[in-house]
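The values are calculated or read from the model by the stated rules, or taken from the named source; none is laboratory data. Since the structure is predicted, the reported quantities are computational estimates derived from the model, not experimental observations. Methodologically, a virtual Cβ is constructed for each residue, glycine included, from the backbone with ideal geometry; neighbour enumeration extends over all protein chains shown. Note: areas computed on protein heavy atoms with side chains; ligands, DNA, RNA excluded. Shrake-Rupley method; radii C 1.70, N 1.55, O 1.52, S 1.80 Å.
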Amino acid sequence: MSSAINRRRFLGSTAFAGLAASTAQAATMKRSATRPVVISSANGLTSTNGGATSCVEQAYRLITGGADVLDGLIAGVNIVELDPEDASVGFGGLPDANGVVTLDSCCMHGPKKRAGAVACLKGVRTPSLVAQAVADNTDHHLLVDEGAQQFARSMGFSIEDDLNTDHSRALWLEWKRRTDPRHYPDPASRAQAGQRVGLEMVAEGKIDANHYYGTINCNGVNANGDVCGVTTTSGLAWKIPGRVGDSPILGAGLYVDNDVGAAGSTGRGEANIYSLASFLVVEFLRQGMNPRDAGMAALERIRSHTIEPRLLKEDGNPAFNVNFYVLTKNGEHAGVAFYADEESKYAVCDEHGPRHEPMEPLLPS
Ligand code: ASP
């Protein structure tokens with residue numbers, strides 16, 4: 001889908017239509033005074049863990065009720081982390097190559113200028129709450145694996161043996177059966193075979209494409225202009241045990257500056273880490289770019305850093321997707337990606353209620 005079509009759809013489908021400025025740039029932004037807004041990846045509206053409330057609604061309700069912005073956002077993403085139907089986050093997230101679910105999360109509190117993160121955490125369904133506890137109770141930013149789990153235990157989190165659901169375990173068994181690790185003579189070909197089989201399972205509809213690479217990033221601002229953000233994920237499906245993606249890396253999967261805004265990411269974490277692109281988005285906002293252009297500029301940076309043939313399509317563009325969810329201090333927002341079709345959305349909740357808005361693509365699909 002072209003950007004032009006996306007813009008037309010946007011104009012026709014939002015309550016802001018009458019307010020939209022004449023330029024295409026302004027049309028892709030949702031202008032406001034300082035007013036509470038919560039945005040997230042699309043699963044922040046589709047996942048409800050069997051209840052009636054989604055992540056963005058819960059966060060918006062709490063934030064407009066006076067809760068701390070980060071507390072509100074984390075209560076929102078907890079819904080997705082606990083939802084066994086979302087196989088990209090928390091409980092029931094797709095496991096690593098050994099069948100173990102390991103979780104990454106990062107959160108950042110704009111006004112307090114504090115952040116916390118956990119990586120490769122096993123046994124806790126809500127890694128975002130552990131990340132918040134790292135920020136609130138330690139002098140550190142990032143705890144990993146056994147240390148993160150011990151910390152979580154000491155903070156009173158219950159530790160479970162296994163965060164697989166029957167669904168995530170069955171998919172892992174299928175992947176294992178297909179890849180047969182005895183036949184991989186070196187790590188590179190093993191990784192490529194694993195990736196190929198994973199993508200085959202997506203193409204066959206066994207795995208939702210959003211859950212192969214899947215995550216939730218959620219950013220919010222309250223009436224005071226206080227900005228916070230959180231990202232939480234089970235990371236790349238079937239990853240090499242110990243692999244950590246961009247989600248818990250400050251500046252990559254998330255960055256917040258209370259003077260400017262917030263950006264977070266989903267998609268191929270390795271590509272995002274190389275450019276610390278959420279930090280870059282926030283810096284572009286600081287330089288005066290609108291959310292859409294800031295996100296697009298960061299995508300361009302990632303594209304220019306992607307030179308390995310195995311990561312490129314025939315036309316020379318990236319063979320993977322990266323998405324950014326961008327929110328300014330005054331409530332403007334955008335969702336951008338390398339590739340987006342009519343199904344590609346991000347979630348928003350503001351005074352007009354919860355809804356999906358279209359992601360804008362940098363490149364033709
Ligand atoms: N960015 C996450 C990671 O690389 C995965 C995703 O968002 O799909 O771990």
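Okay, here's what the table says:
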{"read-out": "Among residues of region 215-234, those that are open to solvent by 10 Å² or more (accessible area, probe 1.4 Å) and either farther than 30 Å from GLN287 by Cα or more than 10 Å from the ligand (Cβ to nearest atom) (or both), counted", "value": "4"}
{"read-out": "Complete set of residues in region 337-365 that are open to solvent by 40 Å² or more (accessible area, probe 1.4 Å), touching a residue at least 24 places away in the same chain (Cβ under 8 Å) and not in a strand (DSSP E or B)", "value": "ASP341, GLU342, GLU351, HIS352, LEU362, PRO364, SER365"}
{"read-out": "Index of the failed condition, ILE207 passing every other in (1) of a type in the set (A, V, I, L, M); (2) modelled with pLDDT of 85 or more; (3) open to solvent by less than 50 Å² (accessible area, probe 1.4 Å)", "value": "(2)"}
{"read-out": "Residue match in region 305-321 (condition: of a type outside the set (S, T, N, Q), within 11 Å of the ligand (Cβ to nearest atom) and open to solvent by 10 Å² or more (accessible area, probe 1.4 Å))", "value": "yes"}
{"read-out": "Residue that is nearest to the ligand (Cβ to nearest atom) [pool: residues in region 246-300 that are of a type in the set (Lys, Arg) and surrounded by fewer than 24 Cβ atoms within 10 Å (Cβ to Cβ)]", "value": "ARG268"}
{"read-out": "Checking ALA271 against (1) in contact with a Phe, Trp or Tyr (Cβ under 7 Å, 6 or more places away or on another chain); (2) within 22 Å of ALA131 (Cβ to Cβ), the condition it does not meet", "value": "(2)"}
{"read-out": "Answer from VAL134, VAL144 - the residue that is among the aliphatic types (A, V, I, L, M), within 23 Å of the chain's Cα centre (by Cα) and either more than 15 Å from PRO248 (Cα to Cα) or crowded, with 20+ Cβ neighbours inside 10 Å (or both)", "value": "VAL134"}
{"read-out": "Candidates VAL80, VAL118, VAL101, VAL69, filtered to the one that is within 20 Å of ALA170 (Cβ to Cβ) and either crowded, with 24+ Cβ neighbours inside 10 Å or modelled with pLDDT under 95 (or both)", "value": "VAL101"}
